[in-house]
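Right, one structure below, let's go through it.
The values are calculated or read from the model by the stated rules, or taken from the named source; none is laboratory data. Just so it is clear, the model here is predicted, and its values are computed rather than measured. So basically every Cβ, Gly included, is an ideal-geometry build from the backbone, and we count neighbours across all protein chains shown. The protein model used for the area step is the full one, side chains on, heavy atoms only, and it has no ligands, DNA or RNA in it. Shrake-Rupley method; radii C 1.70, N 1.55, O 1.52, S 1.80 Å.
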Amino acid sequence: QVQLVESGGGLVQAGGSLRLSCAASGRAFSTYVAWFRQAPGKERDFVTLIERNSGTTYYADVVKGRFTVSRDDAKNTVYLQMNSLKVEDTAVYYCATGMVGSRSRTHYNYWGQGTQVTVSS
């Protein structure tokens, strides 16, 4: 079983940047690692995913061009670099891993506890 721990969240002004980390322990990530986010009172939405072997990535339209997902296999860590942050990016960000690359959270078996990102105007 894999345990995921997110870090790097915080408070940032609009236009700023943050880098989130998702570290795996217990065993390696499954084939796909995804980031989701959930704002208060809203559904948990897909943000991005990366395929662990090829590095292929996929982004939600709302973050495309601003967010970048990457991996460091030696550290068993996946990163989410977030630039040009907007107030509407405020949410709890979760990483997840599973065998299917999907925008649907139902395909991911393992989840972290989440890290809060707050973007102020």
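Just a few scattered comments:
- Candidates in the stretch 15-24 are the residues that are in a strand (DSSP E or B), open to solvent by less than 60 Å² (accessible area, probe 1.4 Å) and in contact (Cβ under 8 Å) with a residue 60 or more places away in the chain; of these, the one that is nearest to residue 82 (Cα to Cα) is 18.
- Which listed residue, of 117, 47, 12, 33, is free of Cβ contacts under 8 Å to residues at least 60 places away in the same chain and surrounded by 15 or more Cβ atoms within 10 Å (Cβ to Cβ): 47
- Meets criteria (farther than 23 Å from residue 14 by Cα, modelled with pLDDT of 95 or more, open to solvent by less than 70 Å² (accessible area, probe 1.4 Å) and not hydroxyl-bearing (Ser, Thr, Tyr)) for residue 78: yes
- Considering (1) open to solvent by 70 Å² or more (accessible area, probe 1.4 Å); (2) more than 19 Å from residue 1 (Cα to Cα), the lone condition that residue 27 does not fulfil carries the number (2).
- Number of the condition not met by residue 2 [criteria: (1) of a type in the set (Val, Ile, Thr); (2) open to solvent by 30 Å² or more (accessible area, probe 1.4 Å); (3) over 14 Å from residue 107 (Cβ atoms)]: (2)
- Of all positions in the stretch 84-94, none carries a residue that is open to solvent by 60 Å² or more (accessible area, probe 1.4 Å), under 20 Å from residue 111 (Cβ atoms) and at pLDDT 95 or above.
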